[in-house]
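**Student:** Handing you this structure, nothing more for now.
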Amino acid sequence: KKVFSYNQMHHIPHGQESRTTNQDMVHPMVKTYENRIGSRGKTLWTSSDKPLQYTRKPVDESNEYEKQGRVIIFTANEKRQPIYDAVVEEKAISEVSGWYAPQHELAAMSKEQKIKLIWEKQVE
């Protein structure tokens, strides 16, 4: 076990493509809200969860931050399959599509129509 300062840890901005590669989803923003809705009130980890193992990526000598040890990149050794929950997905679709149409219009729309609306209106 190695300890490091969380004050030095930060998010690396990335586009939709890198976030969604190899994922089966309705839309990236819907997936974001699925995760938010699905994680409310749930324990993130329990003692029965199998820990996910990571490998440190070799240092890229052309990257000054990595060379100085200021950036360390880890990759997961295995992919975990997300748990699909149709109810949570439906709530996420309703929430995101609700940004673009009034409730009385959404009530008359099918799931596929709401998804189409999201793809038409949602931009990165």
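**Student:** Once Rh for the range 66-109 is found with the Kirkwood sum over Cα pairs, what is the Stokes-Einstein diffusion coefficient at 10 °C and 1.306 mPa s, in µm²/s? Present the calculation step by step, with values, prior to reporting the outcome.
**Tutor:** On the way: Rh = 14.4 Å.
Stokes-Einstein gives a translational diffusion coefficient of 110 µm²/s.
**Student:** Can you tell me how much longer the chain between I72 and K111 gets when fully stretched, taken as 0.36 nm per residue apart minus their C-alpha distance, in nm with one decimal?
**Tutor:** On the way: separation 39, 0.36 × 39 = 14.04 nm, distance 4.16 nm.
Between I72 and K111, full extension yields an extra 9.9 nm.
**Student:** Ok, one more. Provide the gained length on full extension for the span Q103 to T32, in nm with one decimal, where the gain is 0.36 nm per separating residue minus the Cα-Cα distance. Numbers along the way, then the final one.
**Tutor:** Numbers: separation 71, 0.36 × 71 = 25.56 nm, distance 2.12 nm.
Value of the extension gain: 23.4 nm.
**Student:** Right, another one. Go through 91-97, 27-33 and give me the packing order, highest mean Cβ count within 10 Å leading.
**Tutor:** The peptides rank, most packed first, as 91-97, 27-33.
**Student:** How much length would be gained if the chain were fully extended between N63 and V123, taking 0.36 nm per residue of separation minus their Cα-Cα distance, in nm to one decimal?
**Tutor:** Values: separation 60, 0.36 × 60 = 21.60 nm, distance 3.08 nm.
Contour length minus the Cα-Cα distance gives 18.5 nm.
Read-outs: derived from the displayed coordinates by stated rules, not from any lab. Bear in mind that the values here come from a model prediction, so they are computed numbers and not experimental data. Neighbour counts are summed over all protein chains in view; Cβ atoms, including those assigned to glycine, are modelled from backbone coordinates with ideal geometry.
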